[in-house]
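For reference, the structure discussed in these notes is given below.
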Amino acid sequence: IDASGVHLLRSGDSRVSRIVAAPQRDKVYVGYTNGDILAFDTRSWISNIIWRGTNAIHDIVLTENEDTIAILTSVGMVYLGHYQKGSSNAEPVEWQQLVTQSQDIALTPDHLLIAACPDGLVWIYSINQRHWLCLPLQTAYLGKIAVTSNGNTVVALDREGRLISIDLEAARNL
């Protein structure tokens, strides 16, 4: 870090496509157009490569307790990384690939992955139970989604600007 507080994250030919602060704020995850993801410790600025992919990183989301990380690539593939509980290891100990054509993803505090797809489907994946639920919303091209902090509701935005609210408590009961 120089006198102005500026830190060079990484030199090279790949651009940053996504940057996300971890919920506990001592880590920053940086995704690149070449498919790499680096985790930076914001106290020491030491970095670790946690993912090497072949497609640009579109999104990175984490659970509140940071034991799960979800990666969305530019081709709609989702990868889940699971950290060992109580570990200070910078790299997830297990990776899981989920075949989707997602536009956006979100994680709930109780480990539900929500994936919005351009065909109007919302896929809900229980990471703990390894079980899928498909919700056809009868709308076209879902883009962005957001989950409330308590994890009870997800809101999806479609191409026509409509907000669609989904009760996750009802989905959990299914």
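The values are calculated or read from the model by the stated rules, or taken from the named source; none is laboratory data. Quick caveat: nothing in here was measured; it's all calculated off a predicted structure. Backbone-built Cβ (ideal geometry, glycine too); neighbour counts: all protein chains shown. Ligands, DNA and RNA are stripped out before the accessible areas are found, and what is left, the full protein with its side chains, is counted by its heavy atoms. Shrake-Rupley method; radii C 1.70, N 1.55, O 1.52, S 1.80 Å.
Summary of values
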| item | result |
| --- | --- |
| Restricting the stretch 136-155 to residues that are open to solvent by less than 40 Å² (accessible area, probe 1.4 Å) and either in contact with a Pro (Cβ under 8 Å, 6 or more places away or on another chain) or modelled with pLDDT under 90 (or both), the residue that is nearest to residue 94 (Cα to Cα) | 151 |
| Residue tally, condition in a strand (DSSP E or B) and closer than 17 Å to residue 70 by Cβ, over the stretch 119-141 | 8 |
| Extreme residue, least open to solvent (accessible area, probe 1.4 Å), among residues of the stretch 110-126 that are over 16 Å from residue 76 (Cα atoms) and over 13 Å from the mean Cα position of the chain (by Cα) | 126 |
| Condition met for residue 84 (open to solvent by 40 Å² or more (accessible area, probe 1.4 Å) and touching a residue at least 40 places away in the same chain (Cβ under 8 Å)) | no |
| Single residue of the stretch 59-71 satisfying the filter (touching a Gly at 6+ places or on another chain (Cβ under 9 Å) and within 15 Å of residue 104 (Cα to Cα)) that is surrounded by the most Cβ atoms within 10 Å (Cβ to Cβ) | 71 |
| Test: residue in the stretch 40-57 that is within 21 Å of residue 171 (Cα to Cα) and open to solvent by less than 60 Å² (accessible area, probe 1.4 Å) | no |
| Residue match in the stretch 106-118 (condition: more than 20 Å from residue 65 (Cα to Cα) and not in a strand (DSSP E or B)) | yes |
| Residue selected from the stretch 156-174 under the condition free of Cβ contacts under 8 Å to residues at least 12 places away in the same chain and more than 21 Å from the chain's Cα centre (by Cα), by the criterion surrounded by the most Cβ atoms within 10 Å (Cβ to Cβ) | 170 |
| Residue 102 vs. criteria among the small types (Gly, Ala, Ser), in contact with a Leu (Cβ under 7 Å, 6 or more places away or on another chain) and closer than 21 Å to residue 34 by Cβ | yes |
